[in-house]
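Working notes, beginning with the structure itself.
Values in this text are rule-based calculations from the coordinates and carry no lab data. Just so it is clear, the model here is predicted, and its values are computed rather than measured. Please note: Cβ atoms are built from the backbone with ideal geometry, for glycine as well, and neighbour counts cover all protein chains shown.
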Amino acid sequence: MFLLDLTGKCLKGLATASRGLPAEIAHRALAVLGAALVRARPEEDYFVPLLAALAFPEFWEAAGELERRLATVTDATTQLHTLDTLIAMQAPTLPDVVIRLAGLGRWPALQARATDYLVENADYNGLAQVPNELKPLACHVAVRKGIRFQGNGFRHRVILANGATYGRQAQ
């Protein structure tokens, strides 16, 4: 556990805001941390420090394993840490994972974090494409983003937070 904490701190020190982690260091660290992730169990003490060490966009290749772990973890705190790691990685499937958790998550804190991420990052097109069973969630996020809807016959107008109008056919 101590070594994982130290590794995470070292990686944070090496990462720059403009360039992230150096490629060679990221490659070697991913080899070590990826092997540890495959053997790790979420109930073990070193799992959360491992997640903290993996929380870099350069480690997005490990996102698939983390998504599988997120589905099997039963502890709310560990699920929240796993989601935060996926967000930090900017995993390619992050929008799908966040939408699923915001709409169907078991833990209120996890649902709130996923919804907060959607409010911060989702655009109207992304919200309009969520599955029908999650449309109430999309409307909730839209309202928190300051998006308003106005009906007009078979069409509706969407008024974005900046006052601009976005028109599209009613579904």
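Subtracting the Cα-Cα distance of L104 and A23 from their residue separation scaled by 0.36 nm leaves 25.5 nm. In this rough spin-label picture, where each label sits 7 Å from Cα along the Cβ direction, the D84-E120 distance is 1.1 nm. Take every pair of alpha-carbon atoms less than 8 Å apart whose residues are at least six positions apart; their mean separation over the length of segment 2-121 yields a relative contact order of 21 percent. Using the Cβ-Cβ distance between K12 and E61 with R0 set to 22 Å, the FRET efficiency works out to roughly 0.70.
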